[in-house]
Amino acid sequence: MGGLARACCESHPVEYKRDPLAVSFTIRRLLGVLRDNRDFRTLYAANAVSQIGGFMLTLSASTLSTGLLLDRGVPPRALMAACGLVALVPLLYWTFAQRAFEMTGQGGGE
């Protein structure tokens, strides 16, 4: 096991039953599992379709709401500023989640 992986495993209080990085991930192995395991292939395809559907729903809803707001006379510059502020919400959530991880000692840093 490499130095970085060893440091990561040693810093976490979890006891692993086997080396978590002993078997490396490769596209060939993923394709083999998809080819050989029908249940996993079905689950993988369903997840992909669900992700694409969610993305399309979000895209169409935001396009509709933007068009409606522009039709009602909201200035485009103000609308884009509001969109920028809304885009900060996931960033702020991620920042606070990282801070909480570091406070509980579960973060990967030293």
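Read-outs throughout are calculated quantities, based only on the coordinates presented, and are distinct from any laboratory measurement. Just so we're clear, the structure is a prediction, and the values are computed from it rather than from any experiment. Counting neighbours? That spans all protein chains shown, and the Cβs are built from the backbone with ideal geometry, glycine included.
Rounded if a/c is under 1.5, else prolate if a/b beats b/c, else oblate: with a ≥ b ≥ c from the C-alpha gyration tensor eigenvalues square-rooted, which is region 23-95?
Prolate is the answer for region 23-95, as a/c is 1.5 or above and a/b outweighs b/c.
Label-to-label distance for S60 and R41 is 3.0 nm, based on points extended 7 Å past Cα in the beta-carbon direction.
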